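Below is one structure; the comments refer to it alone.
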């Protein structure tokens, strides 16, 4: 099955700085890479995703890059704000039925004033 | 406009009890999933279903079973609850298709087994 590793487990940045979270995956057949944000006490929500036919995708202050050769993908948040504080999860599907996702262990991002 | 609903937000059960966690989605999604979330371990897949009455084991199915009698409802069953099943349980759904599509999660059920 798919194996996803995520680093760092915690990240503290000052407001306005950039944050980068990195994930690696094992199954070269994976073709879809979502990122979820989970605020305290709330459900995980999809914030951005990338498919294997592109190398980068941006949505305002967030971007995701994908390196299929190296089997890693990263989340980039620029101009961080306090409301970016949350736990972020990366995921990859591997192969098989139902497009089941294997998640990373999460990164707790703290944006300080 | 809640689309994935988990029946209980908090549950406290005794060791050995049979526990039912219910999840209902109103998006006509084919795929439904049960994950448990533990600090430092992320989200781990327990079971999933890609059609009515169809189910497949995930990465940590021991001690759990599932039921999907209707497309919109996916139930997680703890046959005999144990303290190591104390956790946050998240249900999710997604449409079928290629390439893969993201999940919609429920709000979670925090289960405590005493």
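May I ask you to list the residues in segment B:29-54 that are closer than 13 Å to residue A:99 by Cα, without any contact (Cβ under 8 Å) to a residue 60 or more places away in the chain and more than 8 Å from every other protein chain (Cβ to nearest Cβ)?
Correct list: B:47, B:51.
Which is surrounded by 14 or more Cβ atoms within 10 Å (Cβ to Cβ), free of Cβ contacts under 8 Å to residues at least 40 places away in the same chain, in a strand (DSSP E or B) and touching a strand residue (DSSP E or B) at 6+ places or on another chain (Cβ under 9 Å), of B:93, B:75, B:67?
B:67
Restricting attention to segment A:95-110, report how many residues are touching a strand residue (DSSP E or B) at 6+ places or on another chain (Cβ under 6 Å) and on the phi > 0 side of the Ramachandran plot.
The total comes to 2.
Quick one: residue A:56 ticks every box in (1) surrounded by fewer than 17 Cβ atoms within 10 Å (Cβ to Cβ); (2) more than 29 Å from residue B:109 (Cβ to Cβ); (3) in contact (Cβ under 8 Å) with a residue 40 or more places away in the chain bar one, so which box is it?
Only one criterion in (1) surrounded by fewer than 17 Cβ atoms within 10 Å (Cβ to Cβ); (2) more than 29 Å from residue B:109 (Cβ to Cβ); (3) in contact (Cβ under 8 Å) with a residue 40 or more places away in the chain is unmet by residue A:56, namely (3).
Can you name the number of the only condition in (1) away from every other protein chain (no Cβ under 14 Å); (2) in a loop (DSSP other than H, G, I, E, B) that residue A:109 fails?
(2)
Of all residues in segment A:1-42, which are part of a loop (DSSP other than H, G, I, E, B), within 11 Å of another protein chain (Cβ to nearest Cβ), modelled with pLDDT under 95 and touching a strand residue (DSSP E or B) at 6+ places or on another chain (Cβ under 9 Å)?
A:1, A:2, A:3, A:30, A:31, A:42 - these are the residues of segment A:1-42 that are part of a loop (DSSP other than H, G, I, E, B), within 11 Å of another protein chain (Cβ to nearest Cβ), modelled with pLDDT under 95 and touching a strand residue (DSSP E or B) at 6+ places or on another chain (Cβ under 9 Å).
Take the residues of segment B:88-100 that are over 15 Å from residue B:35 (Cα atoms) and at the interface with another protein chain (Cβ under 7 Å from one of its Cβ atoms): which is modelled with the highest pLDDT?
B:100
The values are calculated or read from the model by the stated rules, or taken from the named source; none is laboratory data. Every value quoted in this text rests on a predicted model; they were computed, and no experiment measured them. Here Cβ is always computed from backbone atoms with ideal geometry, including for glycine, and neighbour counts include all displayed protein chains.
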